[in-house]
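Here's the structure, in structure tokens; my notes come after.
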Amino acid sequence: MDTVIKILADYLIAPVGLLALWLLFFKAPKRNRYDKYARVLMAGLTSYLLAKVIGNLWQPETVRPFEKMHVQPLASYLGNAGFPSDHVLFAMYLTLAVWYVTRRKGWVITMAVLTAAIAAGRLLALVHSPLDVAGSVVVAALGALWYVGYAKNTPSKTGEKIKQSV
């Protein structure tokens, strides 16, 4: 069981990242692709910056769960209190990026399930608390605000042609 937890907590992030790259580069519609990539990049940078600022300003716990329980952790971790979880933040960011760029429901659900598996692995490995994991999801969603309103503010090609011909 420890091996399964280690795979979920530490190693599942690599296939999630590779799947996201494949979806973003090979399954994305060609229209406005580079503008979407720019927004995805900005969302990722914003999420990461927010996570680091919030983590430095506020740590709900001073020790990680395995330290409280006086046991060995079942996954890798950094020497900080752990809020928010970088693994879950990155996986959630990629899930939201795949949703935004591809709008392929099946793949987005797959990514969300894999993100939940990573979160469960981090919890079961005792390197994060539920608040650390939930905080990561919230921070990734805040970073994704770059996506809000994009579709409404971008004129369609037919709309541009109509305006030009008038």
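Can you give the Rg/Rh ratio of the stretch 1-95, where Rg is from the C-alpha atoms and Rh is the Kirkwood radius? Mind showing how you got there, number by number?
Details: Rg = 16.5 Å, Rh = 15.5 Å.
Radius of gyration relative to Kirkwood radius: 1.06.
Taking the 0 to 90 degree range and rounding to the nearest ten, how far is the long axis of helix 130-143 tilted relative to the main principal axis of the chain, both from C-alpha atoms?
Long axis of 130-143 versus the principal axis of the chain: about 20 degrees.
Measure nothing fancy, just the Cα-based angle from helix 33-57's long axis to the longest principal axis of the chain, in degrees from 0 to 90, nearest 10.
Result, in degrees: 30.
Looking at the chain as a GNM with Cα springs under 10 Å, which of V88, V139, V71 has the largest mean-square fluctuation?
Looking only at V88, V139, V71, the largest GNM fluctuation is found for V71.
Using only alpha carbon pairs under 8 Å that are at least six residues apart, calculate the relative contact order of the chain and give it in whole percent.
38
If you keep only loop residues by DSSP, which chymotrypsin sites (Phe, Trp or Tyr not before Pro) in the stretch 47-156 have at most 11 other Cβ atoms within 10 Å of their Cβ?
Values: sites: Y48, W58, F66, Y77, F90, Y93, W99, Y100, W107, W146, Y147, Y150; in loops: W58, Y77.
Sites meeting the loop and neighbour criteria: W58.
Restricting things to alpha carbons, tell me how big the chain is in terms of Rg and Dmax, in Å.
18.5, 73
Quick one: among S136, S47, S76, which has the greatest mean-square fluctuation in a GNM of the chain with alpha-carbon springs under 10 angstrom?
So, out of S136, S47, S76, the one fluctuating most is S76.
Step through the table entries K30/K105; K27/K105; K6/K36; K6/K105, compare each Cα-Cα distance with 24 Å, and write down the pairs that go over it. Could you put the intermediate results ahead of the total?
Working: K30/K105 18 Å; K27/K105 12 Å; K6/K36 34 Å; K6/K105 28 Å.
Correct reply: K6/K36; K6/K105.
We did not get these values from a lab; they are worked out from the coordinates using the rules stated. A quick note: this is a predicted structure, and the numbers were derived from the prediction, not measured. Glycine gets a Cβ as well: all are built from the backbone with ideal geometry, and neighbour counts include every protein chain shown.
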